[in-house]
Amino acid sequence: MADLATDVLVVGSGAGGAISAAALAAAGRTVTVLEEGPWVDADALEPFSLDEMVAKYRHHGLAAALGSPAIAYAEGRCVGGSTEINSGLYHRLPDHLADEWRTSYGIEEFFPDALARYAERVEHELSVASMPGAPPPSSAALERGATKLGWRNVEFARVFSYDQNGRGTKQTMSRTMLPKAAAAGATIIPDCRVLRLLRRGDRIVGARCRRTHPGGGVERLTVTADHVFVCGGAVHTPALLQRSGIWRNVGNGLKMHPTIKIAARFPHPVDHGDVPTHRITEFSPFVAIGGSASRKGHVAMALADTGAPFHQALADWENISVYYAAIRSDGSGRVAALPGVRSPLVTYSLTEADVSRLARGLVHLGELLLAAGATELHPSVVGGAVVRRPDELGGWWDQVTRARANLMTVHLTSTVRMGENRARTGADSFGRVWGFRNLRVNDGALIPDAPGVNPQAAIMAIATRNCDHFLAEQ
Amino acid sequence: MLWFEREVVGALTESPEQSLRSSVEAFVDGSLRDMPEHLRLGVAGESVLLGAWVAGLRKAGRLPADDPHALVALLESWETSPVGVLRSYVRMLKSLVVFAENELAPAGAA
């Protein structure tokens with residue numbers, strides 16, 4: 001058994017973990033980052049490809065929150081976490097949510113202007129930028145449809161750096177904050193799963209881990225630490241805390257953005273290498289409309305969702321792109337570590353209002369795509385009618401049911417909520433887990449509710465804020 | 001991958017090209033191995049029960065043996081079943097096969 005000692009142990013290397021590691025190492029702390037997944041060269045695999053799914057996604061992307069219906073979800077499991085596999089879209093936390101959460105959960109120093117300052121820091125460090133030049137056809141379709149209908153829409157910035165030719169490179173954590181952390185002295189250990197945290201009274205003194213070596217050998221590793229930041233994401237952060245015997249307001253209150261899709265056929269070819277950057281905000285915060293990855297495999301999968309023969313449509317796949325409507329759900333779920341089992345049980349309950357909202361989102365998405373010039377719409381609803389005219393959209397209201405809708409999500413939050421309201425939170429206003437002096441959470445688990453927009457920017461700003469607070473406190 | 005899962009994957013894979021069929025099967029096998037254990041346990045349990053059910057249908061002469069089209073038709077009926085776990089079972093395997101077959105097919109292949 002090997003042993004390591006560190007000042008700060010960071011568990012997880014995604015948006016929260018990498019930002020924590022870089023900030024704390026830059027402040028002179030001795031930092032060790034443990035990442036369960038492997039180091040994968042960010043340039044080695046095509047985005048959204050099958051190879052990327054195998055190499056970087058947890059469970060090959062095959063995980064689901066159980067419920068009626070089950071909701072598929074995807075997470076990264078590699079150095080850099082989900083920042084390595086997501087679309088890199090960046091949207092600051094809306095001000096009204098900061099106000100609402102500060103009041104509801106008693107979060108101290110959680111004012112929009114303060115968060116905006118942290119967001120600016122993140123944007124400066126990561127080169128957050130808008131795509132230069134004209135949008136690609138799949139994104140232009142969203143803008144065109146919204147303009148025709150008079151709906152509000154916005155082109156999101158992305159965590160991308162663009163060269164003079166307009167070629168973008170996603171600024172994943174393995175390309176940005178983790179190298180910064182390493183340059184400031186941090187040690188990053190991939191293929192190292194933290195089995196549980198070691199407690200002594202009201203302190204965490206370290207972690208017991210299982211490290212896999214490239215040759216396949218496995219060793220037990222014990223890391224002792226003065227401070228521990230758990231940043232494994234909204235599923236694996238609470239699971240680790242629970243495995244370590246910490247259950248109070250941990251794992252309950254899971255929130256997500258359930259998402260329903262349409263494969264839309266256009267009379268012209270659309271792009272397939274990236275995701276559209278335009279989003280429709282007309283129905284925010286409860287329904288957001290945007291575009292998804294649309295490689296041939298995604299198009300085929302989306303077409304197959306109706307359950308009807310799809311090969312004729314697939315022959316024209318280069319004219320097809322996949323779009324989504326995501327809702328801000330009233331429902332909630334749970335993450336529960338099961339004794340002796342590696343993966344936590346994840347459940348989620350949609351409300352009837354959520355199902356209705358999904359139907360509404362699907363119909364609005366259909367309206368928009370037809371207005372944008374789409375000629376055929378295939379909804380991700382088993383038995384859902386293929387629609388070619390606006391007057392046919394009304395049929396979807398009755399077809400979106402728990403039994404027939406195929407739902408997924410990539411946004412999971414809120415399993416260790418932050419704030420001073422101890423009845424509703426698992427951690428204080430700056431992520432310190434209640435009952436422990438030196439244990440902090442610093443990832444999407446802290447966000448008190450689903451924000452209705454991509455949560456990456458909020459996670460990064462809050463993680464930066466919490467690190468500042470930690471350093472000021474020491 | 002259990003024997004009935006292999007049969008379902010084989011029935012859902014459309015390409016006659018053997019190397020592509022093998023690649024699709026290998027991808028689905030890897031995905032099932034990597035699933036959360038409790039989900040894999042549930043899927044495996046369903047595979048055993050459904051496999052026994054299909055074997056019973058074949059023995060009773062109600063489902064032609066060695067006819068993948070008959071099995072596909074049965075799977076399609078399960079996709080709209082009122083039983084949630086049955087629906088999920090078919091949709092999951094079908095999604096994996098459809099995604100893999102289209103991603104692994106050589107560019108330009110029909």
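Using a 1.4 Å probe over the heavy atoms of the protein chains, calculate the carbon and sulfur portion of the accessible area of the stretch A:239-282 as a whole percent.
Details: 650 of 1200 Å².
C and S fraction of accessible area: 54 percent.
Straight-line reach only, C-alpha to C-alpha below 20 angstrom: list the lysines that B:K94 could link to, leaving out same-chain residues fewer than 8 apart. The reachable lysines, counting only those whose Cα sits under 20 Å from B:K94, are A:K261, A:K296. Across the stretch A:392-404, coupling constants 3J(HN,Hα) worked out from phi with the 6.51/-1.76/1.60 Karplus curve, θ = phi - 60°, read 8, 5, x, x, 5, 4, 8, 8, 7, 10, 4, 6, 10 Hz, and Gly and Pro carry x. Think of the protein assembly as shown as having a plus end and a minus end, set by charges on the Cβ of Lys, Arg, Asp and Glu; of A:A371, B:A26, A:Q164, B:A26 sits farthest toward the positive end of this dipole.
In loop segments of the stretch A:67-120 as defined by DSSP, the GluC sites (Glu not before Pro) with at most 12 further C-beta atoms inside 10 Å of their C-beta are A:E109. Screening chain A for whole DSSP H helices with an alpha carbon extent of at least 24 angstrom along the helix axis and a mean Kyte-Doolittle hydropathy of at least 0.0 yields A:352-371, A:456-473.
Accessible area of A:C209 (1.4 Å probe, protein heavy atoms only, ligands and nucleic acids ignored): about 0 Å². Residues whose amide H lies under 5 Å from that of A:T409, counting only those 5 or more places away or on a different chain, are A:A72, A:Y73, A:A74; hydrogens are built 1.01 Å from N in the peptide plane.
Which value, in Å², gives the accessible area per residue of the protein assembly as shown when a 1.4 Å probe is used on the protein heavy atoms?
Details: 22410 Å² over 584 residues.
For the protein assembly as shown, the per-residue accessible area is 38 Å².
Placing a pseudo-label 7 Å from each Cα along the Cα-to-Cβ vector at A:D99 and A:T375 gives an inter-label distance of 4.8 nm.
With Cβ to Cβ distances under 13 Å as the rule, what net charge do the other residues near A:D3 carry (K, R +1; D, E -1)?
Here the charged neighbours net out to +2.
Placing +1 on each Lys and Arg Cβ and -1 on each Asp and Glu Cβ, with no other charges, gives the stretch A:27-132 a dipole about its Cα centre of roughly 200 debye. Annotation: extensible slack from A:T212 through A:V341 equals 44.6 nm (criterion: 0.36 nm per residue apart, minus Cα-Cα distance).
Treating the beta-carbon of each Lys and Arg as +1 and of each Asp and Glu as -1, no other charges, what is the dipole magnitude of the protein assembly as shown about its Cα centre, to the nearest 20 debye?
Around 1460 debye, computed over the protein assembly as shown.
Helix content alone sets the calculated 222 nm mean residue ellipticity of chain A: runs of n ≥ 4 DSSP H residues at -39500 (n - 2.57) each, divided across all residues, give -8500 deg cm²/dmol.
Quick one: net charge around A:Q242, please, counting Lys, Arg +1 and Asp, Glu -1 for every other residue with C-beta under 12 Å from its C-beta.
Numbers: positive: A:R196, A:R243, A:R248, A:R334; negative: none.
Taking every other residue near A:Q242 into account, the sum is +4.
Considering only A:G419, A:G206, A:S284, the residue lying farthest towards the positive end of the dipole of chain A is A:G206, judged by Cα position with unit charges set on Cβ.
Chains B and A together bury some 2500 Å² of accessible area, summed over both sides, with a 1.4 Å probe.
Between the stretch A:354-417 and the stretch A:65-97, the C-alpha centres lie 20 angstrom from each other. Screening chain B for whole DSSP H helices of 27 Å or more along their axis (Cα) with average Kyte-Doolittle hydropathy at least 0.0 returns B:37-59, B:84-104.
Inter-part distance, the stretch A:166-194 to the stretch A:444-459, computed on C-alpha centroids, equals 21 Å. Remark on A:S349: its backbone amide H falls under 5 Å from those of A:S332, A:G333, a criterion applied only to residues 5 or more positions apart or on other chains, H modelled at 1.01 Å from N. Only sites in a loop by DSSP and with at most 14 other Cβ atoms within 10 Å count here; which trypsin sites (Lys or Arg not before Pro) in the stretch A:426-474 make the cut? Answer in residue order: A:R437.
Pull out a ≥ b ≥ c, the square roots of the eigenvalues of the alpha-carbon gyration tensor of the stretch A:98-181, then state rounded if a/c is under 1.5, prolate if not and a/b is larger than b/c, and oblate in the remaining case.
Oblate, because a/c is 1.5 or more while a/b does not exceed b/c.
For chain A, the Kirkwood hydrodynamic radius comes to 22.6 Å, computed from all pairs of different C-alpha atoms. For A:K170, a cut-off of 16 angstrom between C-alpha atoms picks up these aspartates and glutamates, skipping any fewer than 8 places away in its own chain: A:D41, A:D43, A:E46, A:E52, A:E84, A:E123, A:E125, A:D274. Across the stretch A:199-214, rounded Karplus estimates of 3J(HN,Hα) from the backbone phi angles (6.51 cos²θ - 1.76 cosθ + 1.60, θ = phi - 60°) give 9, 9, x, 9, 10, 9, 9, x, 8, 9, 9, 10, 10, 9, 8, x Hz, Gly and Pro being marked x. For A:V10, the residues whose amide H sits under 5 Å from its own are A:T32, A:V33, A:L34, A:F229, ignoring neighbours fewer than 5 places away on the same chain, with H placed 1.01 Å from N.
The values are calculated or read from the model by the stated rules, or taken from the named source; none is laboratory data. For clarity, every value in this text was computed on a predicted model and none was experimentally measured. Glycine gets a Cβ as well: all are built from the backbone with ideal geometry, and neighbour counts include every protein chain shown. These accessible areas exclude ligands, DNA and RNA; they are computed on the full protein's heavy atoms, side chains included. Shrake-Rupley method; radii C 1.70, N 1.55, O 1.52, S 1.80 Å.
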